Structures are given as structure tokens and as C-alpha cells.
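To keep things clear, I will list the structure first and then write my remarks on it.
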Amino acid sequence: MKHVGGFCAVRIVCILRWIIVILAVIVGEIANFAAYAFAPAILVTPLGALSIIISAVLAHVMLQEKLHIFGILGCVLCVVGSTTIVLHAPQEREIESVKEVWDLATEPAFLLYAAIVIAAVIVIIIRVIPYYGQTHVMVYISVCSLMGSLSVMSVKALGIALKLTFSGMNQLLYPQTWTFTLVVLACVITQINYLNKALDTFNTAVVAPIYYVMFTTLTILASVIMFKDWDGQNATQIVTEVCGFVTILSGTFLLHKTKDMIEGSSQSLSSRLPKHDEEDGVLDHEGVPLRRLDSLRPK
């Protein structure tokens, strides 16, 4: 009976932890959503790297995972890059109606960008994924990143609409608000679907840094085109922001590339096995699974 009681207590603790984690994720996503309504995407998106630092520190404190010198250096680089971007980020433009956001989204430059993104995603899904989706990590991540850049623009537009609504100017009466909502749903569903496929096929530690780099870069590009974040800035400010972004990318890459490095050993992430068993295929030099040759032969 004591054994059964102890087992039940362990299950209750696990369930409570799971609930706490889910609630924390929900609160974090809500806060991230709200941030886009008050700050430019060129500032909010790169700062997502701070979650990597927090995760590394919590893992060191709570899970007793050792944070070696390269991990500490990666955290420092992320902090320095984030501080640089915060100090030189452009001011959020004043928008008084969701119609203004719609006008920005329907300008020729952004329409061209959106058309290129949608066309590229369709080509990748139809022509590339069936042949290379299981062997090249960039295929799934490209779809996630391209759709992610559109989803962030739509989330920002929806966030602005809700912010104005809560301040007393009801934006729910405009069809543009609901159009942005539908775009958010379509982009997020597509993004999550192919991100899950990437995580299921390839090593998570390989997917995460590549996805962060591509998603953040394309999001900044989309924001610059749609909201013209750099129009009011000089060359020095723009170069400084780019340098801060590159610093964050370097720190993120270093954290993920060396997260499993054993102290005193040169073993790095490239030697980690992917999610699939080694028997299912061989590995390339980046630890990405390759199918057996016989599985690629026509039957």
C-alpha cells in the first residue's frame, strides 16, 4: 500500500509540473504576442534569444546540467547583442487604426515579398519536400521560417488592433482585423506543422539554431519592408543593430553547438545521434540522418 501511495504521489507531482509548464508557456506566448503591439518586430524577435539564456541557467540550477565556459560565453554574447539592439532600435510608429496597418500590408513592396514567400513555400512543399525533406534539414526549416515571417507581421497587426480596441477604439468592426486573424491562423498552423516535422526528423540541437537564424532574419526583413523600421535611422544605427543581431546569432550558435560538449573533450554536437536510430540510416558530417541507399531505390 505504501508503494501504491508513493506512486500516486509521484504521478500527482508530475501532473502538477506539467500543468505549471503549460501555464508558463501560455503566459510567455501571450506576453510575446503583446510585445509586438508595443515594439517593432526588429526589436522583439531577436530578443527571443534571451529565452535561450534563461533556459540554460535554469537547466544549470534545477536540472544540474553543467554550464561550461562556452555556454557562459554564448550567454554573454546574447546579452551583449540584445543590449546593443535595445539601445539602437527604432521607435515604434504611431498607428491609430488597423486600416493603417492594412495600407502598409497592401503596398507593392510588401505584396511582392508576400507573393515570393507564398510561391516559394508552395514550390518547396510540392516539389522539394517529397524528395529531400527527410535528408536535408533546411527544407522543413525554410517553410517554417518563410511562413513565420508572415505570421509575425499578421500577429503584430492583430496585436495593434486589440491594443486600440482595449484603449477605446473598437477595431473589431473592421474586416481587416478578421482578415489578419485568418492569416495568423493559416501561417501559424503551417509553421507548427513543418517545425514539428523538422524536430521529429532531425536532431533538435541542429534544428533550433538554424531555425532561429532563418526565422529572425526573414522576420526582420519583412518588418523593414512593411513597417519601414529603418526609414528614420541613419547608417550608423542600422549597422549597429545588424552587429548586435550578428552577436546574438553567434551566442545562440555557440550555446547550441557546444551544449553537449564534455569538459576536457573535443566532442561536440556534430557527433550526437539524431532522433532516428542509427540503424535507420547513416549520418552526414552534421549529424543529420540520411536514408539508406536501398530505401531510395525505386520499387
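Checking the a/c ratio against 1.5 first, then a/b against b/c, what shape does the Cα gyration tensor give for the range 149-265?
Since a/c reaches 1.5 but b/c is at least a/b, the shape of the range 149-265 is classed as oblate.
The range 24-155: Rg/Rh from Cα coordinates, Kirkwood Rh?
Radius of gyration relative to Kirkwood radius: 1.04.
Along the Cα-to-Cβ line of Leu23, 7 Å from the Cα, sits a label point; which residues in the range 31-54 have backbone N less than 13 Å from it?
So the set is empty, nothing qualifies.
List the trypsin sites (Lys or Arg not before Pro) within the range 76-170 that fall in a DSSP loop (any state other than H, G, I, E or B) and whose Cβ has at most 15 other Cβ atoms within 10 Å.
Loop-located and lightly packed - Arg93.
In this model, which of Lys66/Lys257; Lys156/Lys197; Lys197/Lys228; Lys99/Lys156 are farther than 22 Å apart at the alpha-carbon?
Over 22 Å apart, Cα to Cα: Lys156/Lys197; Lys197/Lys228.
Tell me the per residue accessible area of the range 48-169 using a 1.4 Å probe; a whole number in Å² is fine.
About 53 Å² of surface per residue is accessible.
Mind running the shape call on the range 84-170? Use the C-alpha gyration tensor, a ≥ b ≥ c as the square roots of the eigenvalues: rounded below 1.5 for a/c, prolate if a/b tops b/c, oblate otherwise.
prolate
The values are calculated or read from the model by the stated rules, or taken from the named source; none is laboratory data. What you see is a predicted model; the values in this text were computed from it and never measured. Neighbour counts are summed over all protein chains in view; Cβ atoms, including those assigned to glycine, are modelled from backbone coordinates with ideal geometry. These area figures cover heavy atoms from the full protein model, side chains too; ligands, DNA and RNA do not enter into them. Shrake-Rupley method; radii C 1.70, N 1.55, O 1.52, S 1.80 Å.
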